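Participant: Sharing a structure, written as structure tokens. Questions coming.
No lab work stands behind these numbers, since they all come straight from the coordinates. Since we're looking at a predicted model, the values are computed, not measured. Note that we place each Cβ from the backbone using ideal geometry, even for glycine, and neighbour counts take in every protein chain shown.
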Amino acid sequence: MNSLYSFWKFSRPHTIIGTSLSVLALYFIALATTNSAIAPNNFLQMLAVLAACLCGNVYIVGLNQICDVAIDRINKPHLPLAAKEFSPRQGQWIVGVTGILALILAGTQGLWLLATVGISLLIGTAYSLPPIRLKQFPLLAAFCIFTVRGVIVNLGLFLHFTKKLAGREFLNGYVWVLTLFIIVFTVAIAIFKDVPDLEGDKKYNITTFTIILGKSAVFSFSRWLITCCYLGMVIAAFYLAAINTSFFIAYHLVLLILLWWRSRQVDLSQKSAIADFYQFIWKLFFLEYILFPTACFI
């Protein structure tokens with residue numbers, strides 16, 4: 001049980017939840033926009049997509065931990081490698097096996113999924129692994145995160161699902177709106193994620209926007225980016241014919257109010273308070289992948 005719990009921490013649960021919800025959301029949006037019904041064959045195909053994406057997720061976050069053990073001992077000492085719950089060799093085995101499984105599973109499902117997973121793994125490798133190690137450059141680090149989470153995953157998976165459900169791949173206004181929202185929201189996450197890690201990043205010369213601009217500026221900028229996301233969705237509601245407009249507008253305004261209410265309570269001098277708010281932002285990210293397809297169905 002201890003090993004399973006360590007593996008759960010190694011997989012970075014908030015990213016696992018985000019990946020799972022994105023796969024499910026894009027599957028259900030594709031169902032709604034192709035007028036398809038849930039059938040055993042396409043549901044099993046969705047599960048195969050989910051398995052491939054989760055393996056890829058573990059590869060990417062695991063590789064980052066292997067490359068950042070010293071930094072994590074300061075910033076995230078609870079992680080298995082930093083806490084010595086896993087040895088470096090065990091971490092390497094997990095990363096190697098999950099990376100290979102991700103590619104094999106994706107390859108059995110089709111070209112679009114293989115391209116989605118393969119490009120994601122490639123960018124994830126370049127993000128963490130020396131000598132490229134793009135995470136040490138703040139703009140490139142943010143680019144990596146929003147490219148994978150915002151562009152590649154959303155568009156690649158939607159093309160894969162429409163190909164399987166309708167016999168042809170296509171993109172429509174719904175997935176473009178969701179993709180644009182996720183891109184901007186992910187930029188906010190990418191910028192904000194380094195705020196609680198200031199101490200370790202500074203010690204090991206990892207340049208971040210937090211080091212360059214300061215906690216307060218990054219906190220405010222991230223909050224305004226997310227605000228723009230929600231206001232943009234309120235406007236987009238009037239152009240998306242096949243959604244429940246009232247529900248769509250209402251939940252975005254409620255989440256916007258929650259964002260500002262919660263942000264007012266954050267003490268930027270407390271690392272734990274910043275980390276809690278970062279997890280709150282991820283919860284808002286999760287909710288979009290739940291509520292957007294719901295608005296399409298109702």
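Participant: Measure up Lys164/Lys283; Lys164/Lys193; Lys215/Lys283; Lys84/Lys135 against 32 Å on the Cα-Cα distance and list the ones that go over.
Facilitator: Lys164/Lys193
Participant: Given Leu253, Cys67, Met233, which one lies farthest toward the positive end of the charge dipole of the chain, if we put +1 on the Cβ of every Lys and Arg and -1 on the Cβ of every Asp and Glu?
Facilitator: About the Cα centre, the residue reaching furthest to the positive side is Cys67.
Participant: Name the residue from Phe161, Met1, Gly118 whose Cα lies farthest towards the positive end of the charge dipole of the chain, charges +1 on Cβ of Lys and Arg and -1 on Cβ of Asp and Glu.
Facilitator: So the residue furthest toward the plus end is Met1.
Participant: Assuming 0.36 nm per residue, please report the length gained on full extension of the stretch Leu171 to Ala70 beyond their Cα-Cα distance.
Facilitator: Working: separation 101, 0.36 × 101 = 36.36 nm, distance 4.30 nm.
Going from the current span to full extension adds 32.1 nm.
Participant: Here's a follow-up. Quick check on the exposure proxy: order Asp68, Asp276, Asp267 from fewest to most C-beta atoms within 10 angstrom.
Facilitator: Values: Asp68 23, Asp276 14, Asp267 10.
The order, fewest Cβ neighbours first, is Asp267, Asp276, Asp68.
Participant: Using only Cα atoms, what Kirkwood radius does the stretch 22-78 have, in angstroms?
Facilitator: Here the Kirkwood hydrodynamic radius works out to 13.7 Å.
Participant: Kindly state, as a whole number, the per residue volume in cubic angstrom of the convex hull around the alpha carbon atoms of the chain.
Facilitator: 128
Participant: Give me the dipole magnitude in Debye, nearest 20, for the chain about the Cα centre, with unit charges on the beta carbon: positive for Lys and Arg, negative for Asp and Glu.
Facilitator: That gives a dipole near 240 debye.
Participant: Taking the highest mean first, how do the peptides 232-240, 115-123, 181-189, 100-108 order by number of other beta carbon atoms within 10 angstrom per residue?
Facilitator: 181-189, 115-123, 100-108, 232-240
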